[in-house]
1. Taking into account only those residues within region A:46-59 that are more than 8 Å from DNA strand C (Cβ to nearest atom) and either of a type in the set (Val, Ile, Thr) or surrounded by fewer than 16 Cβ atoms within 10 Å (Cβ to Cβ) (or both), which is farthest from A:GLN32 (Cα to Cα)?
2. Of the residues in region B:70-94, how many are surrounded by 15 or more Cβ atoms within 10 Å (Cβ to Cβ) and more than 27 Å from B:ARG27 (Cβ to Cβ)?
3. If I ask for residues that are open to solvent by 70 Å² or more (accessible area, probe 1.4 Å) and at the interface with another protein chain (Cβ under 7 Å from one of its Cβ atoms), which ones from region A:103-133 would you list?
4. Please specify each residue of region B:60-69 satisfying the condition of being more than 9 Å from DNA strand C (Cβ to nearest atom) and surrounded by 15 or more Cβ atoms within 10 Å (Cβ to Cβ).
5. Taking strands (runs of 3 or more DSSP E) that do not extend beyond region B:90-145, which have at least 3 residues that are aliphatic (A, V, I, L, M)?
6. If a residue counts only when it is near DNA strand D (Cβ under 9 Å from one of its atoms), which helices (runs of 4 or more DSSP H) contained entirely in region B:7-74 have at least 2 such residues?
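The values are calculated or read from the model by the stated rules, or taken from the named source; none is laboratory data. All values derive from a computational prediction rather than experimental measurement. Ideal geometry is used to build each Cβ from the backbone, glycine not excepted, and the neighbour counts take in all protein chains shown. Quick note on the areas: whole protein, heavy atoms, side chains included, nothing else; ligands and nucleic acids left out. Shrake-Rupley method; radii C 1.70, N 1.55, O 1.52, S 1.80 Å.
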Protein chains: 2
Amino acid sequence: MNSASDSLIETILERMRAEGGRITQKRIRIIQALAEFDHPASADKIRQSAGLAETDLVTVYRNLEALHGIGAVQRIPLENGTQLFELTVPGEHYHHLICRECHQAERLDLCVGKEVLGRAKAHGYSQITHVMEVYGVCKDCDDHS
Amino acid sequence: MNSASDSLIETILERMRAEGGRITQKRIRIIQALAEFDHPASADKIRQSAGLAETDLVTVYRNLEALHGIGAVQRIPLENGTQLFELTVPGEHYHHLICRECHQAERLDLCVGKEVLGRAKAHGYSQITHVMEVYGVCKDCDDHS
DNA sequence: ATGTCTGCAAATCCTTTGCATTTTA
DNA sequence: TAAAATGCAAAGGATTTGCAGACAT
């Protein structure tokens with residue numbers, strides 16, 4: 001891709017090694033696929049995007065779990081009970097505007113992190129994360145219906 | 001309970017009637033149980049709290065869905081893929097601070113709705129909703145680990 | 001060599017659906 | 001009486017687990 005995501009990928013791989021994980025081809029492709037997304041994606045979408053259509057979804061889930069375990073992936077629960085996965089760049093996170101119909105997703109430059117963190121700490125909570133995703137129907141889909 | 005929740009319950013029942021729904025004993029007890037909670041709860045917890053231990057969970061889910069349909073109940077997705085339910089004043093919604101370990105959830109008086117709505121409309125989106133939930137580990141759970 | 005990954009199958013959990021029966025209005 | 005709610009059983013979908021064989025270091 002580009003040098004930015006390359007160095008992110010390298011950082012993740014190093015941490016994975018440090019934690020005793022192995023660097024397999026599938027794992028690399030999954031990380032690359034995650035790095036290419038600019039929005040959260042489902043395990044199945046990640047599998048497709050990684051060119052692993054023939055790979056068992058279990059393997060994708062296990063890799064996502066392993067990545068989550070080293071803090072490289074964030075899980076995002078949705079309204080319908082499923083979850084999405086997103087590569088976590090230390091010190092950064094994004095929110096999105098997602099079309100319910102065509103699933104197009106645009107990044108929203110909006111940050112409530114600071115406020116949320118303060119509030120959560122005031123309640124005695126630690127290890128704070130937050131999820132914020134905005135859903136709607138985009139203009140194209142609205143016109144076509 | 002008190003006059004505030006009584007009037008909320010009455011409002012909900014009227015709305016339910018207006019939509020062609022029937023007012024059954026179980027439905028009333030489910031709404032009352034929801035009204036007594038000051039935080040989101042699982043379908044099973046709601047069933048217990050409503051004194052409907054013998055009632056099929058399906059019935060609880062269907063009632064929660066019906067209430068959601070008239071805007072009286074909000075669904076809150078958890079990180080583990082399950083969901084909690086909370087009574088809401090029709091037209092309003094809340095955000096929460098949820099413990100990853102004990103799943104305790106408290107309401108957060110914080111909403112980015114206005115900002116989000118403007119942003120989404122500027123992008124040409126309609127029928128906007130948003131999910132925002134904050135996850136962490138509460139003090140009790142942190143102490144016990 | 002040793003511990004980690006992968007695949008296959010089956011299990012699990014929460015939630016939803018189908019259909020016959022009961023209840024509300 | 002007609003439409004809606006309920007119960008039971010079974011299905012559904014996303015995710016997880018067990019175990020044997022394959023792979024990375």
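1. Keep residues of region A:46-59 that are more than 8 Å from DNA strand C (Cβ to nearest atom), which gives A:46-51, A:53, A:57.
In the following step, the residues that additionally are either of a type in the set (Val, Ile, Thr) or surrounded by fewer than 16 Cβ atoms within 10 Å (Cβ to Cβ) (or both) were identified as A:46, A:48, A:51, A:53, A:57.
On the way: A:ILE46: 10, A:GLN48: 12, A:GLY51: 10, A:ALA53: 15, A:LEU57: 17 Å.
It comes out as A:LEU57.
2. Summing the residues that are surrounded by 15 or more Cβ atoms within 10 Å (Cβ to Cβ) and more than 27 Å from B:ARG27 (Cβ to Cβ) in region B:70-94 gives 1.
3. Listed by number, the residues that qualify are A:GLU115, A:ARG119, A:HIS123, A:GLN127.
4. B:ASN63, B:ALA66, B:LEU67
5. On the way: elements: B:95-99, B:105-108, B:126-137.
Strands (runs of 3 or more DSSP E) meeting the threshold: B:126-137.
6. Details: elements: B:25-36, B:43-49, B:57-69.
Result: B:25-36, B:57-69.
For (1) farther than 25 Å from A:ARG100 by Cα; (2) touching a strand residue (DSSP E or B) at 6+ places or on another chain (Cβ under 8 Å), each residue gets a yes or a no:
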| site | (1), (2) |
| --- | --- |
| B:ALA43 | yes, yes |
| B:GLN74 | no, yes |
| B:LEU97 | yes, yes |
| B:GLY124 | no, no |
| B:THR129 | no, yes |
| B:GLU133 | no, yes |
| B:GLY136 | yes, yes |
| B:CYS141 | yes, yes |
| B:HIS144 | yes, no |
